[in-house]
């Protein structure tokens, strides 16, 4: 019993097997490029969000009456708004008063813990955003 391969409409197509082989070879490549470009776009978004969080934290820190807790909260609000978690916000100096001239904020975000898909092809890079601004001091 020899049956000829048919399409969905029941019409014989000699290209049906060729199409299946082409799909089996091209689909994994297409999906790899698609998901890879999505992860690169996410990495770019995390990098810029890290830099923005450091800047916003430093902007909060230069105002009179700012505390390291307010700085960390300012950076946390921005990072959690874009779905970033497991980050570290470092404030230098750790405690300051009205004579402190500069405030520096460093935000560290591990990429592997903030990826959408598991990656087997890269190490665990950490994005680092840093901003240092002069405080507004009344003299």
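The values are calculated or read from the model by the stated rules, or taken from the named source; none is laboratory data. No experiment lies behind these values; they were computed from the predicted model shown. A quick note on method: Cβ atoms are made from the backbone with ideal geometry, for glycine too, and the neighbour counts reach across all protein chains shown.
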Considering only residues that are outside any helix (DSSP H, G or I), without any contact (Cβ under 8 Å) to a residue 24 or more places away in the chain and out of contact with any strand residue (DSSP E or B) (no Cβ under 6 Å at 6 or more places or on another chain), which ones fall in region 67-95? 67, 93
Could you tell me whether region 121-133 includes any residue that is more than 17 Å from the chain's Cα centre (by Cα), in contact (Cβ under 8 Å) with a residue 60 or more places away in the chain and either part of a loop (DSSP other than H, G, I, E, B) or surrounded by fewer than 19 Cβ atoms within 10 Å (Cβ to Cβ) (or both)? yes
Residue 64 passes all but one of (1) closer than 27 Å to residue 95 by Cβ; (2) part of a helix (DSSP H, G or I); which number fails? (2)
Which of the following residues is within 30 Å of residue 37 (Cα to Cα) and either crowded, with 16+ Cβ neighbours inside 10 Å or in contact with a helix residue (DSSP H, G or I) (Cβ under 9 Å, 6 or more places away or on another chain) (or both): 106, 67? 106
Can you go through 32, 60 and tell me which one is surrounded by 12 or more Cβ atoms within 10 Å (Cβ to Cβ) and modelled with pLDDT of 85 or more? 60
